[in-house]
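Chemist: Please read through the structure below; I'll follow up with questions.
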Amino acid sequence: MFATSLGDGAELRPLEPWRSEEFLAHLDRAREFVDEFIQLARAATDPPSARALLTSYAEKQAADTGRIYGIWVDGTLVGGVLFRVFDTATETCEVGCWLEPAATGRGLVTRAARTLIDWAVEERGMHRVEWRVAATNAASVRVARRLGMTRDGVLRESFPYRGVRHDIEVWSVLASEWRRGRGPGPGPRH
């Protein structure tokens, strides 16, 4: 098993099915916060459903269509990032994220997403990396900006969730932009 340092005692590791109990405990801490914008918290509510979710991502990884990683701080799982979509035929992928409230404001998601995007572009040859976010999710929009992404547009009222139809912003970065914007340190790329 590998771990990639994100600095400040944080690590990025694969989130595998054998970690389902730890994943569920983390989601129990994060559930209300995460559930505001994404369905992840509703998909894993008990040990069998947590294991099923992680197993579905293990199967996606085996099929080369998605992956999921956890963010640990000082040995505690506090969030994660994933390739919700990973399409090698079109060379397009979508990165997503979640975090529990106690871990916000530290740049963890930005650093973890950079690691995924670097890998997708440099190792796997992805041409386009997308970030889709509810227009009202200001924190996630800020991450897209810090990653040097461009706002492509808004899918108006395209995501029905919790009784409301949400506008979804589509942000992206192309491989050439990512390489051009890469610089030293954890600061903004553009």
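Chemist: Report every pair of residues separated by at least 6 positions or lying on different chains whose Cβ atoms are under 8 Å apart, first residue within the stretch 118-129 and at pLDDT 95 or above, second open to solvent by less than 10 Å² (accessible area, probe 1.4 Å) and not hydrophobic (A, V, I, L, M, F, W, C).
Modeler: Within 8 Å, the pairs are R128/S172; V129/S172.
Chemist: In the list D64, D74, D87, which residue meets the criterion of being at negative phi and more than 13 Å from the chain's Cα centre (by Cα)?
Modeler: When all the criteria are applied, what remains is D87.
Chemist: R106 fails exactly one of the following numbered conditions: (1) at pLDDT below 95; (2) closer than 26 Å to V154 by Cβ; (3) surrounded by 16 or more Cβ atoms within 10 Å (Cβ to Cβ). What is the number of that condition?
Modeler: If we test R106 against (1) at pLDDT below 95; (2) closer than 26 Å to V154 by Cβ; (3) surrounded by 16 or more Cβ atoms within 10 Å (Cβ to Cβ), just (2) comes out false.
Chemist: Which residues, counting only those in the stretch 43-55, are more than 16 Å from the chain's Cα centre (by Cα) and over 20 Å from P160 (Cα atoms)?
Modeler: The answer is T45, D46, P47, P48, S49, A50, R51, A52, T55.
Chemist: Which one of these does P14 not meet: (1) under 13 Å from the mean Cα position of the chain (by Cα); (2) closer than 24 Å to N137 by Cβ; (3) open to solvent by less than 30 Å² (accessible area, probe 1.4 Å); (4) not aliphatic (A, V, I, L, M)?
Modeler: (2)
Chemist: Restricting attention to the stretch 29-42, does a residue exist that is touching a residue at least 60 places away in the same chain (Cβ under 8 Å), in a helix (DSSP H, G or I) and either over 28 Å from E169 (Cα atoms) or more than 16 Å from the chain's Cα centre (by Cα) (or both)?
Modeler: Yes, because at least one residue in the stretch 29-42 is touching a residue at least 60 places away in the same chain (Cβ under 8 Å), in a helix (DSSP H, G or I) and either over 28 Å from E169 (Cα atoms) or more than 16 Å from the chain's Cα centre (by Cα) (or both).
Chemist: Looking at G70 and the list (1) surrounded by fewer than 21 Cβ atoms within 10 Å (Cβ to Cβ); (2) touching a residue at least 12 places away in the same chain (Cβ under 8 Å); (3) not in a loop (DSSP other than H, G, I, E, B), which single condition is not satisfied?
Modeler: Of (1) surrounded by fewer than 21 Cβ atoms within 10 Å (Cβ to Cβ); (2) touching a residue at least 12 places away in the same chain (Cβ under 8 Å); (3) not in a loop (DSSP other than H, G, I, E, B), only one is false for G70: (1).
The values are calculated or read from the model by the stated rules, or taken from the named source; none is laboratory data. Bear in mind that the values here come from a model prediction, so they are computed numbers and not experimental data. Quick reminder, even Gly has a Cβ in these numbers, built from the backbone with ideal geometry, and neighbours come from all protein chains shown. Just the protein is used for accessible areas: all its heavy atoms, side chains included, with ligands, DNA and RNA removed. Shrake-Rupley method; radii C 1.70, N 1.55, O 1.52, S 1.80 Å.
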